[in-house]
Every structure is written in structure tokens, then in C-alpha cells.
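All of the numbers you see were taken from the coordinates with simple rules; none came from a lab. Because the structure is a prediction, the values reported are computed rather than measured. Glycine gets a Cβ as well: all are built from the backbone with ideal geometry, and neighbour counts include every protein chain shown.
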Amino acid sequence: PIIKGHDVHSTGISIMTKSGKGKTRRSQKAAVPESAPIKPFLKGRVGQIAVLLVVGFLAMIVYRISQSPIDKTPAPQAAAIGGPFTLVDHQGRPRTWDYFKGRFMLVYFGYTFCPDICPTALTDMGDALGILGEAADKVTPVFITVDPDRDTPEHLKEYLKFFHPRMVGLTGTPEQTAAALKAYKVYAAKALVERGDADDYLMDHTSIIYLMGPDGAYKAHFSHGVGAEDMAKGIQKFL
């Protein structure tokens, strides 16, 4: 859903050796070069500097690789929602995807024989546009059927009278409808009733309301039950 010492100088050392029975004698002082005790110190400093240079060089290589465009593989993108379609509106007029360009679309896929889920979604869409007031003029509510066998343009026209006056109903051939379903990643399938009447069935389908931009691109979606007020707030963000 992506981190140091001081130098010691000596001019000589005394060596005490034991001789005979418990007697000691002081040996002659041996001269020691001035640079003798400095060499190990220099070696340590040189080693530290060398290590720091190597670490810094490796860090620079890692940074350059991380900033290289070759190494920046784009994250996988979610499958695009929406796309071209050719359908017929509730007035019997052919409508394509291009017809709605330049305006926002609030799109819902359902069917007129739906007992409760679809009427609730369409009512929420209309109420959300009412809450937006004049700003809602930029948005076209669209109802695309998932049941083209029964939802003819005439039937859609009668059905949509109960919802927003600007709502556009769309239907088409089974093939045209299937193409629209695929474009919007919507699932739909017949679910026969128990009495086995082939003409009396329900539809299992995705219940999501999509907000599409003036360019036809996906902007947001609203799950079933989101409510008109929250939907209006979500739409307002893009107007």
C-alpha cells in the first residue's frame, strides 16, 4: 500500500641489570634516535587516515548508485480503472467515453431489478450532488447496467425518474456491457433464484461508486454505505 595523543620525546633509557648476589649496577646509557618512538604513532595515524579514506570512498559509491536513475525501478502501479466504451443512454442515443470528457463522472454499475443495494447507491449519489450545490454542475452521475438483457433504454428511462434528474443511464449489447465492466474492473454474474425461472434472477456485482476526472482518469471511489455527506466531501476535494 518505503559515527586522539601526545608526542613523547626521550634522549635515552637506563637499563638496570642484576649482577652477582643481589647487587645491581647501572649500565651505560644507550642513545636512542629521536624518531624511534614517533614511528609507531605515525603508522597508527596513517592507518586511521587510510581506513577513513576507504570508508568515505565506499560511501560515495553507494550514494552515487542510490541516486542513479538506472537503479530507481518504478514501483508497480495498480491496474488502471476506466477506459473507452460504446453504449446507449436511456434516451436511446449512442454514448461513448469521449462524450463525458471535460466533466467529472460519478459512475455506478448496477441493475434496475436490484432490490436494495443499487437504489441505495443511486440515492446517495443524488444526495451527495445536492449537498455540493452549484459545484455539482461539474459532475455527471452515470448508472451503467450490469444486466443488459432486461435493462433496455426504455426501462432505464422509467427507473431513473426516481433519482437525480441529471443521471445518465447506459446499457448496450452483452458484449458492449462486458467491455465496460472490464474497463472499470467490475465483477457481475447472474444468480438464479430458487424457483428456477430463467427470467427471474438477481445479479451478483461489485458495488463501488467511481469518481472519474474530466480527462477520464480515475480519481477516487466510494464503497457501499459510505453515505452522501462523506461522498460529497470526497468529491469536493477534486472540484
Margin query: Tell me the net charge near TYR187. Cut-off is 15 Å between Cβ atoms, TYR187 excluded, with +1 for each Lys or Arg and -1 for each Asp or Glu.
Written below: +1
Note to self: Pairwise over distinct Cα atoms, reciprocal of the mean inverse distance: report the Kirkwood radius of the stretch 180-239 in Å, one decimal place.
What the structure shows: 13.9
Margin query: Taking just the alpha carbons, could you work out the radius of gyration and Dmax for the stretch 86-154, both in angstroms?
Written below: 12.9, 36
Next item on the list: Please go through the residue pairs LYS138/LYS182; LYS161/LYS182; LYS161/LYS185; LYS182/LYS219 and name each one whose alpha carbons sit more than 24 Å apart in this structure.
Entry: LYS138/LYS182; LYS161/LYS182; LYS161/LYS185
Notebook entry, point to check: Once amide H atoms are placed 1.01 Å from N in the peptide plane, what residues at a sequence separation of 5 or more from TYR111, or on another chain, have their amide H within under 5 Å of its amide H?
Noted result: VAL146
Note to self: With just the Cα atoms defining each centre, how far is the stretch 100-118 from the stretch 178-239? Give it in Å.
What the structure shows: 6
Checklist line | Percent breakdown of C-alpha pair distances by 10 Å bin, ordered from the shortest bin, for the stretch 126-195 | finding: 18, 39, 33, 9, 1
Item checked: Under 11 Å, Cβ to Cβ, from LEU129 - net charge with Lys/Arg +1 and Asp/Glu -1 -> -2
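Give me Rg over Rh for the stretch 93-239, both radii from the alpha carbons and Rh done the Kirkwood way, two decimal places.
Working: Rg = 14.9 Å, Rh = 15.6 Å.
My calculation puts Rg/Rh at 0.96.
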